[in-house]
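K.L.:
Handing you this structure, nothing more for now.
All of the numbers you see were taken from the coordinates with simple rules; none came from a lab. Just so it is clear, the model here is predicted, and its values are computed rather than measured. In this analysis, Cβ positions are derived from the backbone assuming ideal geometry, glycine residues included, and neighbour counts consider all displayed protein chains.
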Amino acid sequence: MTISNSAARALGHREPVPSEVLSAEELPSFDSVYARYFDFVWSSALRLGTTPSAIDDVVQEIFMVIHGKLSTLKQPSSLRSWIYGIVRRTVSDHRRALKTRAGASGALAIHAELEQPPARTPLDLKEQSDRVKLLWDLLEELSWPKREVFMLAELEEMTAPEIAEALDIPLNTAYSRLRAARVAFEAALARRTAQNAGKA
């Protein structure tokens, strides 16, 4: 996971990992996709609300879909946004299936689990640093549409066109949503900084 711009101020600067650039003609092998994008798929599925108890099964299902559809990929240069679209749909289907399977006796328990905030990424669980906690606290102040585009832009370093493709939204919507998310994040960060200064 890489960090840029506004998020870096909360989490601290880290050197970005160079993004893979594929030509329009180059179709990657499934093994290379699995190796390069496993962490991306795992963390994205968690952020989208997959419960820790189900993450292994969901990630496996995502890669099964990727394996089956990889040969149909028309624009290899858009691989990451294409993968995120699969993650998004698979997680949504999984959550819908959980709600459908829940009987009257188990509905409340399932609902309570689904309504928990998205599980932290492996980085959060591993480091548990104050800055990571601050970042997630600030993200949780954003509405979900803003939070999703902000995470894709700042944490995954997706461009606005990639985000628009991944979320299947107009490009102008991606730009405007990202601008609003950054303004809201900066405002939340300023409030938190002022609160901390007042406690000092």
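K.L.:
Residue-wise, which Karplus ³J(HN,Hα) couplings in Hz belong to region 141-146, taking 6.51 cos²θ - 1.76 cosθ + 1.60, θ = phi - 60°, and x for glycine or proline?
P.N.:
Karplus-based 3J(HN,Hα) across region 141-146 equals 7, 8, 5, 4, x, 5 Hz.
K.L.:
If we count every other residue with Cβ under 14 angstrom of Ser92's Cβ, Lys/Arg +1 and Asp/Glu -1, where does the sum land?
P.N.:
It works out to a net charge of +2.
K.L.:
Packing-wise, with mean Cβ within 10 Å as the measure, how do 68-75, 158-165 rank, highest first?
P.N.:
The packing order, highest mean first, is 158-165, 68-75.
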